[in-house]
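Here is the structure we will look at.
Please treat every number below as a calculation from the coordinates, not as lab data. Keep in mind it's a predicted model, so treat the numbers as computed, not measured. All Cβ positions, even for glycine, are placed from backbone atoms using ideal geometry, and neighbour counts span all protein chains on display.
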Amino acid sequence: MNKENRILIKAAGGLVINENKEILFMFRRGKWDLPKGKLDPGESFESCAQREVKEETGISHLELIRFLLITEHEYEERGQIILKETHWWLMKTNGNQKLTPQTEEDITELKWIGHSEFKIVYQNTYPGILDVMKAGGYLI
């Protein structure tokens, strides 16, 4: 299907690391994912990324470190092809904060995952998430 027949959704998200260099992953709809969400009207991508991470994980203190990359992926929703363009930032936070999964977004688990456990993510995530990890220096 050509681009003219798709709906473009702009979004932003975060690769969140803690003081132990672990990444905050969420388990949603059967796969490991990173927090992200749709851009609100008039909102900057940076603000959207921070807001979505906070909403989906319950984290309150986040520091933006740097922009990483833009990923695109397509999916079908109610017979319509959606092209989602996500702007990603590297963020850091204190890992001692209470994590609260946003269950209304189908997030069933939040977990800090270190390098020694990345295999569980590699085996069950989306290609774009691996691109984000690579851009953040977590994959070679």
Mean 1/r over all different Cα pairs, inverted: what Kirkwood radius does region 3-135 give, in Å? 15.1 Å
What's the longest bit of the chain with no exposed GluC sites (Glu not before Pro), using DSSP loop states and at most 14 other Cβ atoms within 10 Å as the test? 44-140
Summed over the other residues with a beta carbon less than 14 angstrom from that of ASN96, with K and R at +1 and D and E at -1, the charge totals 0
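Size of the dipole of region 3-135 about the Cα centre, Lys and Arg at +1 and Asp and Glu at -1 on the beta carbon, nothing else charged, in debye to 20?
On the way: 19 positive and 22 negative charges, 53 e Å.
Around 260 debye, computed over region 3-135.
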Could you list which residues have their amide H under 5 Å from that of GLY58, counting only those 5 or more apart in sequence or on another chain, with H placed in the peptide plane? THR100
If you rank ARG6, ARG51, ARG29 by fewest surrounding Cβ atoms within 10 Å, what's the result? ARG29, ARG6, ARG51
Can you work out the Karplus-derived ³J(HN,Hα) for every residue in region 99-105? Use 6.51 cos²θ - 1.76 cosθ + 1.60 with θ = phi - 60°, whole Hz, and x for glycine or proline. 9, 10, x, 7, 5, 5, 9
Using θ = phi - 60° and the Karplus form 6.51 cos²θ - 1.76 cosθ + 1.60, what ³J(HN,Hα) does each residue of region 57-71 get, whole Hz, x for Gly and Pro? 10, x, 5, 10, 10, 10, 10, 6, 9, 6, 5, 9, 5, 10, 10
Taking Cα centroids, how far is region 25-65 from region 108-133 in Å? 16 Å
Within the set LYS98/LYS134; LYS21/LYS84; LYS10/LYS98; LYS38/LYS119; LYS10/LYS134, which residue pairs have Cα atoms separated by over 25 Å? LYS98/LYS134; LYS21/LYS84; LYS10/LYS98; LYS38/LYS119
Can you sort THR103, THR86 by how many other beta carbons sit within 10 Å, fewest first? THR103, THR86
Could you list which residues have their amide H under 5 Å from that of TRP89, counting only those 5 or more apart in sequence or on another chain, with H placed in the peptide plane? GLY13, GLY14, LEU15, LEU68
